[in-house]
Amino acid sequence: MSSIRVTTLPNGLRVATDTMPDVQSVSLGCWVGVGTRNEAASVNGVAHLVEHMLFKGTERRSAFRISEEIENVGGQLNAYTTREQTAYYAKVLHEDSGLALDILADMIQHSALDADELARERTVVLQEIGQSADTPDDIIFDHFQATAYPNQALGRPVLGASDIVASLPREALVDYIGGHYGAPGMVLSAAGRIEHDRLVDMAFKAFGHLSSEAPPAPETAVYKGGDFREARDLEQMHFVLGFDGVGVHDPDFYAHSVLSTLLGGGMSSRLFQEVREKRGLVYSIYTFTGGYHDGGLFGVYAGTGEDEVAELVPVICDELAKVGEDVTEDEVARARAQLKAGTLMALESTMSRCEQLGQQLLIYDRPIPVEEIVRKIDGVDRETVIAAAKRLRASPPTVAALGPIDRLESYDRIAARLA
């Protein structure tokens with residue numbers, strides 16, 4: 001029998017629990033189905049700034065009191081913003097779940113958005129933006145995203161543009177919260193030693209007056225691809241090569257996940273073995289996938305020295321070409337095993353289960369049984385992996401490079417290698 005229960009409150013807020021009676025803790029949080037792609041260009045960064053400001057005091061709690069109350073019981077409180085979601089979550093002992101819920105509800109609905117706190121937090125976020133810009137293996141992914149989705153909300157940085165963040169007025173935050181933090185677009189999720197009916201009762205009292213307005217749908221994503229390169233005086237060139245991937249609802253989603261694992265998901269992967277172990281061209285190389293509601297990205301990241309650039313990129317292109325031709329059943333089986341192990345091991349963590357449940361309800365509008373996930377992974381075979389690889393190369397590539405780029409081939413030459 002499933003340990004998961006879901007109840008929808010009259011205002012549309014979904015309350016979901018994954019009961020784990022043998023643990024002493026509870027992870028719970030509010031998953032909000034909006035992020036950077038729900039911003040207008042003129043307020044890029046407002047979703048992330050809102051996330052910061054909700055920790056800065058409410059009508060009845062100061063910023064210090066928020067942190068003090070949760071840490072007085074040994075709990076943890078945190079948040080994050082992505083391009084499609086914003087999450088606020090806590091982990092506490094089970095007897096303190098009511099306190100954690102009250103703090104989260106207070107932050108989300110009654111933030112003071114004090115002008116002095118906003119001025120300070122703008123500076124904090126500007127420091128975060130500056131730190132990211134000074135971290136080439138971080139900022140390269142913002143350039144990659146912007147090149148894949150140019151002049152679109154999905155291509156803009158999560159942290160925002162520094163000139164915009166520096167001048168965002170309080171009214172922009174108020175308007176964003178009012179227009180995007182409605183109950184139908186939110187999930188209250190909990191995993192651990194929790195009683196579902198009790199959480200529903202507490203949620204009704206804490207969130208019952210939350211707006212029943214659903215957030216507006218974001219603009220449709222349109223993958224374009226292209227070329228970004230910036231010369232910088234760095235020891236390494238940071239390089240990302242990517243393609244139009246698949247969305248979270250695409251039937252090929254798990255085939256692309258298996259392909260990513262097989263190609264660059266571990267020390268036994270093709271790229272790690274060929275590029276690092278056999279040739280010594282890099283310290284770090286890996287693949288990644290990013291699925292959105294209406295599209296996705298598939299990419300390869302590598303960091304290499306100036307002298308190795310000319311050899312590295314052709315090798316990566318060759319491996320991308322070969323994976324669409326000579327994949328073996330053993331490789332596919334190993335990649336499937338890695339994905340299944342990661343899925344099943346996550347079940348041991350209350351935080352992983354809480355996050356997974358919240359995200360599944362936002363994305364699929366239902367909890368996904370782990371048996372269903374395993375079955376879909378097991379359904380990926382050699383033929384579907386080959387088809388996934390060929391599908392990727394049918395799209396124009398996205399190239400992003402930062403550092404000593406003089407020996408990097410032209411975009412047209414890289415595209416020709418992949419054709």
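The values are calculated or read from the model by the stated rules, or taken from the named source; none is laboratory data. What you are looking at is a predicted structure, and each value in this text was computed from that prediction instead of being measured. Using ideal geometry, Cβ is built from the backbone for each residue, glycine included, and neighbour counts are taken over all protein chains shown.
Would you pick out the residues in segment 1-42 that are of a type in the set (Val, Ile, Thr), surrounded by 19 or more Cβ atoms within 10 Å (Cβ to Cβ) and either over 18 Å from Cys354 (Cβ atoms) or free of Cβ contacts under 8 Å to residues at least 60 places away in the same chain (or both)? Listed by number, the residues that qualify are Val34, Thr36. In segment 320-335, is there at least one residue being surrounded by fewer than 17 Cβ atoms within 10 Å (Cβ to Cβ) and closer than 24 Å to Arg83 by Cβ? Looking for residues that are surrounded by fewer than 17 Cβ atoms within 10 Å (Cβ to Cβ) and closer than 24 Å to Arg83 by Cβ, one finds none in segment 320-335, hence no. Inside segment 384-416, residues that are charged (D, E, K, R) and either assigned to a loop (DSSP other than H, G, I, E, B) or more than 24 Å from Gly295 (Cβ to Cβ) (or both) make up a count of 5. Candidates are the residues of segment 336-365 that are hydroxyl-bearing (Ser, Thr, Tyr) and under 18 Å from Tyr80 (Cα atoms); the one that is surrounded by the most Cβ atoms within 10 Å (Cβ to Cβ) is Thr350.
Of all the residues that make up segment 118-132, how many are within 30 Å of Met202 (Cβ to Cβ) and over 27 Å from the mean Cα position of the chain (by Cα)? Matching residues across segment 118-132 total 0. Could you tell me whether any residue of segment 178-194 is of a type in the set (A, V, I, L, M, F, W, C), over 21 Å from the mean Cα position of the chain (by Cα) and crowded, with 19+ Cβ neighbours inside 10 Å? Among the residues of segment 178-194, at least one is of a type in the set (A, V, I, L, M, F, W, C), over 21 Å from the mean Cα position of the chain (by Cα) and crowded, with 19+ Cβ neighbours inside 10 Å, which makes the answer yes.
Here's a check for you: in segment 77-112, which residue that is part of a loop (DSSP other than H, G, I, E, B) and within 26 Å of the chain's Cα centre (by Cα) is surrounded by the fewest Cβ atoms within 10 Å (Cβ to Cβ)? Outline the logic, then answer.
Step one: filter segment 77-112 for residues part of a loop (DSSP other than H, G, I, E, B), giving 82-85, 112.
When the remaining residues are screened for being within 26 Å of the chain's Cα centre (by Cα), the result is 82-85.
Numbers: Thr82: 17, Arg83: 23, Glu84: 22, Gln85: 21.
Step by step, filter segment 77-112, then rank; the result is Thr82.
Going through (1) part of a helix (DSSP H, G or I); (2) under 20 Å from the mean Cα position of the chain (by Cα) one by one, Leu159 falls short only on (1). Candidates Ile164, Ile66: the one that is over 28 Å from Phe228 (Cβ atoms) and in contact with a Gly (Cβ under 9 Å, 6 or more places away or on another chain) is Ile66. The number of residues in segment 172-198 that are assigned to a strand (DSSP E or B) and either modelled with pLDDT under 95 or closer than 16 Å to Glu51 by Cβ (or both) comes to 1. How many of the residues making up segment 379-419 are polar (S, T, N, Q) and within 26 Å of Glu306 (Cα to Cα)? The total comes to 2.
When you go through Gly57, Gly74, Gly160 one by one, which is the residue that is in contact (Cβ under 8 Å) with a residue 12 or more places away in the chain, of a type in the set (Gly, Ala, Ser), surrounded by fewer than 14 Cβ atoms within 10 Å (Cβ to Cβ) and at positive phi? Walk me through how you get there before you give the answer.
Details: Gly57 fails: surrounded by fewer than 14 Cβ atoms within 10 Å (Cβ to Cβ); Gly160 fails: surrounded by fewer than 14 Cβ atoms within 10 Å (Cβ to Cβ).
Only one candidate passes the filter, namely Gly74.
Name the one entry in Glu84, Glu68 that is within 30 Å of Ala217 (Cα to Cα) and not basic (Lys, Arg). Give the derivation first.
Values: Glu68 fails: within 30 Å of Ala217 (Cα to Cα).
Residue meeting the stated conditions: Glu84.
For Arg60, all conditions in the list (1) more than 26 Å from the chain's Cα centre (by Cα); (2) outside any loop (DSSP other than H, G, I, E, B); (3) not hydroxyl-bearing (Ser, Thr, Tyr) hold save one; what is the number of the exception? Only one criterion is unmet by Arg60, namely (2). Of all residues in segment 387-410 being among the hydroxyl-bearing types (Ser, Thr, Tyr) and over 20 Å from Ile139 (Cα atoms), which is surrounded by the most Cβ atoms within 10 Å (Cβ to Cβ)? Per the criteria, the residue is Ser395. Residue count for segment 128-163 satisfying the condition of being of a type in the set (Val, Ile, Thr) and under 21 Å from Phe55 (Cα atoms): 2. Selection of segment 368-399 for residues being in contact with a Phe, Trp or Tyr (Cβ under 9 Å, 6 or more places away or on another chain), under 18 Å from Gly264 (Cα atoms) and not hydroxyl-bearing (Ser, Thr, Tyr) yields Ile377, Val380, Ala388, Arg391, Leu392, Arg393, Pro397, Val399.
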